Amino acid sequence: MNSEASPSAPPRAATSSYVSTRGGAHGVSFNQVLLESLAPDGGLYAPTSWPRFEVGALTRNATAPFTDIAFSVMREFVGEAFSDARLRACIEETYAGFNHPAVAPLTQLDAGLFVLELYHGPTLAFKDVAMQLIARLISEALAQSGEKLLLLTATSGDTGAAAARAFAGAPGVALGVLHPHERVSPLQRRQMTTTGAENVLNIAVDGDFDACQRIMRGLLADEGLRVGRRVSSVNSINWGRLCAQAPYYFSTIAALGAGGGPVRFVVPTGNFGDAFAGWAARRMGAAGVRLLAAVNDNDALAHALNTGEYARKPAVETASVSMDVQAPSNLERLIFEASDRDGEATRTLFAAFETQGRTSLPDELLQALRREVDAVSIAQSEADAAMRSTFERTGFLPCPHTSVALAAAARAPFLEGPTVILSTAHPAKFPDAVLAGAGVRPQTPQALTSLAELTETFERAPADAETVAARLREFAGAKLG
Ligand SMILES: *Cc1c(COP(=O)(O)O)cnc(C)c1O
């Protein structure tokens, strides 16, 4: 039977399925990708084929609401998993909770130089843009399958805050957040601990962030936790988070009226999630996107792209804490794509990296990667100088992460077309670092001052895997049955 001619063919062309970057999974549904995060072979999920947009059609209207663009992009990835009406409702509800009507507004700093403000969500950092949406999609997916989900995250600040806010009260979900006791800023802690939600358990671990991560890895492998429920994590390897970041690349092109012309996006980078969303936007038809990944002193990514040697080094602490990453997880997606989607080559490369802590990128792959993205490492002093000079020249006070991107843009060679700096957090989230860098104290927005009046709820635990696991088993049993 010729299905194309079938009168009963569904009106929607969008069918979405996913493969693993390591070749061991095919034909996986969006809902499974959303709930699983990591593929069973240890790879990351990638769309089986990339949707293509007529970029003119998507970006022609400079006054299109952000939610329209988000809907057009997201429906290609969720496929038949959600009806158009449900997807649109989730998107409208998500971005109605942002404190700027444009969701991701552009501000002009100089001739040809713009900042894309991604910090208008509830925790004032860009992670809200995707986390708020996928929390709703995850609850829908669970309702469809009748499953329950225990989500876990170890956090040094922003991810835990965004997750706690996003999943507070989410049906079918319980969230466990581990943070290092007295090693996150009081403000970030309050953002996690004041949700008042019964389905969120915050544990302050008597140890550092590495100890939290170690405990969390053990929890994810704990079979006892999985009985009768799914267990997953909400880090940026989740494809649902990445695809929800692609819309603001398109909305920026629309707002600039840039059409298919070149636009340089400078992305402050940790796990390469936000930057990969920009790559995806170009792959989907936004041919003018040029990507510059800006990293801080944790330079493994820039070193790999500039020398071909990808080596794990100990992370160093900088003022842009959310970028203190030395093994950027989403680099695997770029390598998969740059190797013409060779799952075997990707698996071999990351297996070598995981066992030896280093690997050399083959020459052909390196050339391919360099055609996709440039990367530069910025020292703290240079980021601080960019923060100060930007504020003095323009009145715009950037956060420490945004400052890394501003410094990278100042150093980049000339390119035709506008430059857009992704501004990933509000400066008031990092008052001490901003005072040290720019010599001024950022004004505290209402969303942060009001946190001081709310009651904090968190528990303390020793840095002992079994104690934490026992508490989470009890918590998950009580909340999810
Ligand atoms: C998470 C984060 C980043 C880095 O984003 P990646 O997707 O990990 O590259 C940059 N800035 C801020 C404020 C963040 O919270």
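Please treat every number below as a calculation from the coordinates, not as lab data. Bear in mind that the values here come from a model prediction, so they are computed numbers and not experimental data. Positions of Cβ are generated from backbone atoms using ideal geometry, with glycine treated the same way; all protein chains shown enter the neighbour counts.
Mind sorting 360, 251, 236, 381 by how few other Cβ atoms lie within 10 Å of their own Cβ, fewest first?
Ascending number of Cβ neighbours within 10 Å: 381, 360, 236, 251.
Suppose only helical runs count, i.e. DSSP H with n ≥ 4. What mean residue ellipticity at 222 nm does that imply for the chain under -39500 (n - 2.57) per run, divided by all residues and rounded to the nearest 500 deg cm²/dmol?
So the calculated ellipticity at 222 nm is -13000 deg cm²/dmol.
Please compute the modelled spin-label separation between residue 223 and residue 15, points set 7 Å along Cα→Cβ, answer in nm with one decimal.
Those two pseudo-labels are separated by 3.7 nm.
Viscosity 1.567 mPa s, temperature 4 °C: what is the translational diffusion coefficient of region 301-451 from Stokes-Einstein with a Kirkwood Rh over Cα pairs, rounded to a whole number of µm²/s?
Result for D is 74 µm²/s.
Let a ≥ b ≥ c be the square roots of the eigenvalues of the Cα gyration tensor of region 162-227; is it rounded (a/c under 1.5), or, if not, prolate (a/b larger than b/c) or oblate?
Here region 162-227 falls in the oblate category.
Beyond 20 Å, how much of the Cα-Cα pair distribution for region 169-324 remains, as a whole percent?
65
For the pair residue 316/residue 108, report the inter-label distance in nm, with labels modelled 7 Å from Cα in the Cβ direction.
3.9
Do you know the relative contact order of region 386-481, to the nearest whole percent, from alpha carbon pairs under 8 angstrom that are 6+ apart?
With pairs under 8 Å counted, the relative contact order is 23 percent.
Starting from the Cα gyration tensor of region 266-329, multiply each eigenvalue by 5, take the square root, and state the resulting semi-axes largest first in whole Å. Kindly include the intermediate steps, with their values, before the conclusion.
On the way: eigenvalues 104, 34, 16 Å².
Over the Cα atoms of region 266-329, the semi-axes work out to 23, 13, 9 Å.
Ranked by Cβ crowding within 10 angstrom, fewest neighbours first, how are 155, 424, 394 ordered?
394, 155, 424
Just want the answer: with Cβ charges of +1 for Lys and Arg and -1 for Asp and Glu, which residue in 40, 301, 126 is farthest toward the dipole's positive end in the chain?
My answer, from the dipole projection, is 126.
Could you give the length gained on full extension between residue 412 and residue 435, defined as 0.36 nm per residue of separation minus the Cα-Cα distance, in nm?
Length gained, residue 412 through residue 435: 5.6 nm.
Going by how many other beta carbons lie within 10 Å of each one, how would you line up 120, 179, 401, fewest first? Don't jump to the answer; show the numbers that get you there.
On the way: 120 21, 179 26, 401 31.
Lowest count first: 120, 179, 401.
Run the dipole for the chain about the Cα centre, Lys and Arg Cβ at +1, Asp and Glu Cβ at -1, nothing else charged, and hand back the magnitude in debye, nearest 20.
Taking the Cα centre of the chain as origin, the dipole is about 500 debye.
Out of every Cα pair in the chain, what percent are spaced more than 29 Å from each other?
Here the long-distance tail beyond 29 Å is 47 percent of all Cα pairs in the chain.
Output the antiparallel fraction of DSSP beta bridges having both residues in the chain, as a percent to the nearest 5.
Working: 13 of 51 bridges.
Antiparallel bridges: around 25 percent, rounded to the nearest 5.
With N set to the residue count of region 33-141, report its C-alpha Rg divided by 2.2 N^0.38 Å to two decimal places.
Working it through for region 33-141, the quotient is 1.20.
Gain in length, residue 83 to residue 100, computed as 0.36 nm per residue apart minus the alpha-carbon separation, to one decimal in nm? Can you show the working numbers first?
On the way: separation 17, 0.36 × 17 = 6.12 nm, distance 2.71 nm.
Answer, rounded to one decimal: 3.4 nm.
Residue 208 to residue 145: FRET efficiency via 1/(1 + (r/R0)^6), r the Cβ-Cβ distance, R0 45 Å, to the nearest 0.05?
The computed FRET efficiency comes out at 0.75.
How big is region 365-423 in terms of Cα radius of gyration and Dmax, in angstroms?
Cα radius of gyration and Dmax of region 365-423 are 13.0, 42 Å respectively.
Within region 40-143, list the GluC sites (Glu not before Pro) lying in a DSSP loop whose Cβ has at most 14 other Cβ atoms in a 10 Å radius. Write down the numbers at each step before the final one.
Working: sites: 54, 76, 80, 92, 93, 117, 140; in loops: 54.
Here the sparse-neighbourhood loop sites are 54.
Counting other Cβ atoms within 10 Å, which chymotrypsin sites (Phe, Trp or Tyr not before Pro) in region 390-457 have at most 13 and lie in a DSSP loop?
For chymotrypsin sites (Phe, Trp or Tyr not before Pro) across region 390-457 that sit outside H, G, I, E and B with at most 13 neighbouring Cβ atoms in 10 Å, the list reads 414.
If you project the alpha carbons of region 125-243 onto their three principal axes, what span does each projection cover, largest first, in Å?
Here the spans come out as 40, 32, 27 Å, largest first.
Calculate, for residue 197 and residue 360, the FRET efficiency according to 1/(1 + (r/R0)^6) with r their C-beta to C-beta distance and R0 41 Å; round to the nearest 0.05.
In this case the efficiency is close to 0.30.
For the chain, what's the relative contact order in percent, using C-alpha pairs closer than 8 Å and at least 6 residues apart?
19
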